């Protein structure tokens, strides 16, 4: 933990210099209730009273925290100057800022990136009040780019953890492919997967009630639905899972699909087969575009037009997103230039990014949702797959020696 | 769950009318990563895309949410008008606001109350952008008082749950009083209490690493420290726990203290006894002040001056706080008028509030931290204790038939 912490805090000074920002202030309180998403990356423990974590381009690491918490912050080994207070943070904060005298002071707000938007509006108002009469209230800028770069550029240690989370997910997919058979309900399957995760000592990558998302046929809600006790795997339908685990604080996020053979259609019907091929082609089109410097929307467009050119409707979500400490790790998306994505489709891809590629076709021939999601690492000149891409629509109940759902 | 949800959303309309606010907007996105503390109380499930939950003084309940999540919101049974969108929330949000035409629109920010400060600064900027060209951007006010009243006025169902959490905590204190004996380290004791909680199917009331806070003597960090594997219960010291559980979403938060007999001092030394009596007297002085309408700082002052009049230093924290969905449930504090508490010591106490009273004396005669924390319900004309107040300093290893640590 502290090794990763140290890697990330060191990276922060580099990013501050790149962005020509003198100092970056994370200003928080009672983080157990209302946490700044950046805190686990730079501190790794909660804070109770109003606290200021300041990193500078010159490498200073200053924490102003309530008495009772200073020792715990010191013990991280990462925060070198720890200043405890009792009555109020205003005075020590103003003193430290006067000493650093930043021309630009970055704080954690971003209209477009939830992971860089950890400062509450009330805390922003409080900060303005504390800085009243100093020049620093007018020198505040968004730390969006800093946080985006910091979250997005995975260190070697981070990539290793993500690989482990993917390997565990593959094991669970293999197990569920044996368990899921006609008659099993969505809730049966979700409960089985939760057991599998617990056995392996991992949590789900997002809220348990919706992880996995299980779709057993045309009756299932696509996307974000809670598994239903009334819908079951049925012959002739597509069986689809969207699932990930959090292992050692890092996540996976993958989708796998199977065809459920029926007496009438022991093989996937041609329409299903055609849709599956189009989905794989669209994912590959996106993967072929990915390299440092490409913009998110360009990657999205490559996938989206490949799918629509094959005769399928455009899906109503982004083609991909970052994965890291969260399944949706913030920063740019590989998404269309729609209002709800704000500026995030314009963020450039960087080496070290870990991204998903995910898309699908709803209800092909009334058989249910068919979709895939893969994970990859952006390298200096392209990508390396982190998941083993599914390139074949396996039939449920025909599991070979290799993990089901992985071609 | 949905019964409580329904109770609270109904209460909200009453509070809006009292506060003469036409509509209250909770504006969120990706709440799993960055949740508004009010969301569990009014929705009870996460939201992914930008979402607007609007409650009006006339009792309308409107949710504008991303497609894929509308059905889950409808299924709560509480949100009557659910409007799904795909490309962006701006248009449906502007349409609904034009229809309601609120003179004052409350949003979730508060410099002084973290529980009412769930709107991020980036989301605030986004909301201003969405409302640009309408009159509503200028009609925004803080929902601080609304949320404070809503969290603070416990319904019968909420009080019942809190009583259950307290009963479970008492069981765990009784068990730990048998387990803790000279030689057991702080981490041994914390691990034992975690096991006890797991056995009973409850979580800790705050972050596990610091719940319980265990102090075994003068070497322990008071207040917020992580249990140490190097510090153990020792004869002649005070053994003190600060602990609570979360059971069915509601919390307890209690402190209990024991004296560890030594051959030299089989009974608590007179100085320890005197300090214990002063602590009990200070808690009773605060309890005697508590009734609807009294201000937090007045209650704090009663306790604080009782303790200092007995010759002990003033403690560096508030005398009490609300408990509910969180161990520190926001709203007013029973605290001194110090900068770091902002306006919260000025909030009036209301009937239905569930509060703690907690204070102590550090390191009396080099024996360690001695403190107590009780919980109570404010009634129409005073209080009802929810915990059974500790009025006797029990000796560790001399456990009677009643739960240890409870007189």
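Take the Cα of residue A:164, step 7 Å toward its Cβ, do the same at residue A:198, and the gap between the two points is 2.2 nm. When the helices of chain B are scored as -39500 (n - 2.57) per DSSP H run of n ≥ 4 and the total is divided over every residue, the value at 222 nm lands at -10000 deg cm²/dmol. The angle between the Cα long axis of helix B:156-179 and the longest principal axis of the Cα atoms of chain B comes to about 30 degrees, rounded to the nearest 10. A label point on residue A:137, set 7 Å along the Cα-to-Cβ line, lies at 2.2 nm from each of its counterparts in the other copies, closest listed first. Averaged over the residues of peptide B:121-134, the number of Cβ atoms from other protein chains lying within 10 Å of each residue's Cβ is 5.
Among B:380-386, A:351-357, B:87-93, sorting by the average number of other beta carbon atoms lying within 10 angstrom of each residue, highest first, gives A:351-357, B:87-93, B:380-386. Highest average first, the peptides A:177-185, A:47-55, B:28-36 ordered by how many other beta carbon atoms sit within 10 Å of their residues are A:47-55, B:28-36, A:177-185.
In terms of other Cβ atoms within 10 Å, A:103, B:151 run from fewest to most in the order A:103, B:151. For the pair residue B:178 and residue B:337, the difference between a 0.36 nm per residue extended length and the Cα-Cα distance amounts to 53.2 nm. Mind giving me the FRET efficiency for residue B:60 and residue A:81? R0 is 30 Å, r the Cβ-Cβ distance, nearest 0.05 is fine. Efficiency for this residue pair is about 0.05. Here residue B:59 yields copy-to-copy label distances, from shortest upward, of 6.7 nm, the label point defined as 7 Å from Cα along Cα to C-beta. Per residue of A:31-42, other chain Cβ atoms within 10 Å of the residue Cβ number 4 on average. With respect to chain A, whose longest principal axis is taken over its alpha-carbon atoms, helix A:121-130 is tilted by about 10°. Segment B:36-85 and segment A:304-328 have Cα centres separated by 26 Å.
Under a Gaussian network description of chain B, with springs only between Cα atoms under 10 Å, the residue in B:105, B:127, B:370 that fluctuates furthest is B:127. Pairs of alpha-carbon atoms within less than 8 angstrom and 6+ residues apart define the contacts here; what relative contact order does segment B:303-343 have, in percent? That works out to 27 percent.
Helix A:270-289 and the longest principal axis of the C-alpha atoms of chain A enclose an angle of approximately 30°.
Were the residues from residue A:17 through residue A:3 laid out at 0.36 nm apart, the gain over their Cα-Cα distance would be 2.8 nm.
For the rotation that carries chain A onto chain B, the axis lies closest to a Cβ at A:121, 2, where the number is the distance in whole Å. Partner shielding of B:64-77 amounts to 3, given as the average count of beta-carbon atoms from other chains within 10 Å of each residue beta-carbon. For chain B, what relative contact order do you get, as a whole percent, if you take Cα pairs closer than 8 Å and at least 6 residues apart? Value for chain B: 14 percent.
When each of the peptides A:211-219, B:76-84, A:250-258 is scored by how many other beta carbons lie within 10 Å of its residues on average, the order from highest to lowest is A:250-258, A:211-219, B:76-84. Remark: relative contact order (segment B:2-151) = 26 percent; criterion is Cα-Cα distance under 8 angstrom and separation of 6 or more residues.
Read-outs throughout are calculated quantities, based only on the coordinates presented, and are distinct from any laboratory measurement. Given the structure is predicted, the values throughout are model-derived calculations rather than measurements. FYI the Cβ positions are ideal-geometry reconstructions off the backbone, even for glycines, and counts take in every protein chain you see.
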